[in-house]
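Here is the structure we will look at.
The values are calculated or read from the model by the stated rules, or taken from the named source; none is laboratory data. Remember, predicted model here, so these are calculated numbers, not experimental data. A quick note on method: Cβ atoms are made from the backbone with ideal geometry, for glycine too, and the neighbour counts reach across all protein chains shown. SASA here: full protein model, heavy atoms, side chains in, ligands and nucleic acids out. Shrake-Rupley method; radii C 1.70, N 1.55, O 1.52, S 1.80 Å.
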Amino acid sequence: MKQIKSIFYFVLAAFFIVSCNSDERSVGFNDWTDDGTEYKFYLGTEASIDVVKGYNDNWTSRNYTEMRNFFNDTVKITFNNGETVTLDEFVEFMSNRDSRLDSIGASLDWNLVRAFSVDIDPSQGGEHVHASYELEYKEGENTSRGLSNIWFYVVDGKIVTVDQQSRPVVD
């Protein structure tokens, strides 16, 4: 009888251990594959969010040289209007915009207010980081606001693609 109790407790303990180590939870669906396979989303990592935060810190402080370190050499950056540019073109655009804003005494502030990361296939690497920004443009007495949602695709600690959608905030 003592041996049966031991076996019972062993099986019970094994059951609890196995049930506590279940697979990661996945949700949703997407069609971002070339082979037609439907994937679900898994929770991403803080590491990919840190890449986007590092980019953001350098971008908002206009440190474009350091900002480049967060991007893959072949990054594709797509603006709100659908135009896709290279990293060099992006830096040139930002520098020109900064010069125009400074010359008229205007400012355009981007405030990163939230970010999360999802992974389509944890076995392959690469995470999609969604970042939400609140924008404020000031020129003299005039102020306008906007919201921007930007998707960053991060692979091996580098941003590979950027896709932006924005809209104005109507007071």
So in the stretch 95-112, with the set limited to residues that are of a type in the set (A, V, I, L, M, F, W, C) and farther than 20 Å from TYR153 by Cβ, which one is surrounded by the fewest Cβ atoms within 10 Å (Cβ to Cβ)?
ILE104
Among (1) within 27 Å of VAL169 (Cα to Cα); (2) open to solvent by less than 60 Å² (accessible area, probe 1.4 Å); (3) modelled with pLDDT under 95, there is one condition ALA131 misses while meeting the rest; what is its number?
(3)
Residue that is modelled with the lowest pLDDT, among those in the stretch 70-94 that are of a type in the set (S, T, N, Q) and surrounded by 12 or more Cβ atoms within 10 Å (Cβ to Cβ)
ASN80
Quick one: in the stretch 39-69, which of the residues that are touching a strand residue (DSSP E or B) at 6+ places or on another chain (Cβ under 9 Å) and not in a helix (DSSP H, G or I) is surrounded by the most Cβ atoms within 10 Å (Cβ to Cβ)?
GLY44
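Within the stretch 61-84, does at least one residue satisfy the condition of being of a type in the set (Val, Ile, Thr) and in contact with an Asp or Glu (Cβ under 6 Å, 6 or more places away or on another chain)?
As a first pass, look at the stretch 61-84 and keep what is of a type in the set (Val, Ile, Thr): 65, 74-75, 77-78, 84.
Among the residues that remain, those that are also in contact with an Asp or Glu (Cβ under 6 Å, 6 or more places away or on another chain) are: 78.
So far as the stretch 61-84 goes, yes, one or more of its residues are of a type in the set (Val, Ile, Thr) and in contact with an Asp or Glu (Cβ under 6 Å, 6 or more places away or on another chain).
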Going through the stretch 70-90 in order, the residues found to be part of a strand (DSSP E or B), under 24 Å from ARG167 (Cα atoms) and without any contact (Cβ under 8 Å) to a residue 60 or more places away in the chain are THR84, VAL85
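When you scan the stretch 1-31, how many residues do you find that are closer than 30 Å to ILE159 by Cβ, at pLDDT below 65 and among the hydrophobic types (A, V, I, L, M, F, W, C)?
Initial filter on the stretch 1-31 (closer than 30 Å to ILE159 by Cβ): 23-31.
If we keep only those that are at pLDDT below 65 too, we end up with 23-24.
This time we only want the ones that are among the hydrophobic types (A, V, I, L, M, F, W, C), so: none.
The total comes to 0.
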The stretch 136-161, residues that are assigned to a strand (DSSP E or B), under 24 Å from VAL75 (Cα atoms) and open to solvent by 20 Å² or more (accessible area, probe 1.4 Å):
LEU147, ASN149, TRP151, TYR153, VAL155, LYS158, VAL160, THR161
Can you name the residue in the stretch 113-126 that is in contact (Cβ under 8 Å) with a residue 60 or more places away in the chain and open to solvent by 20 Å² or more (accessible area, probe 1.4 Å) and, of all such residues, is nearest to GLU46 (Cα to Cα)?
PHE116
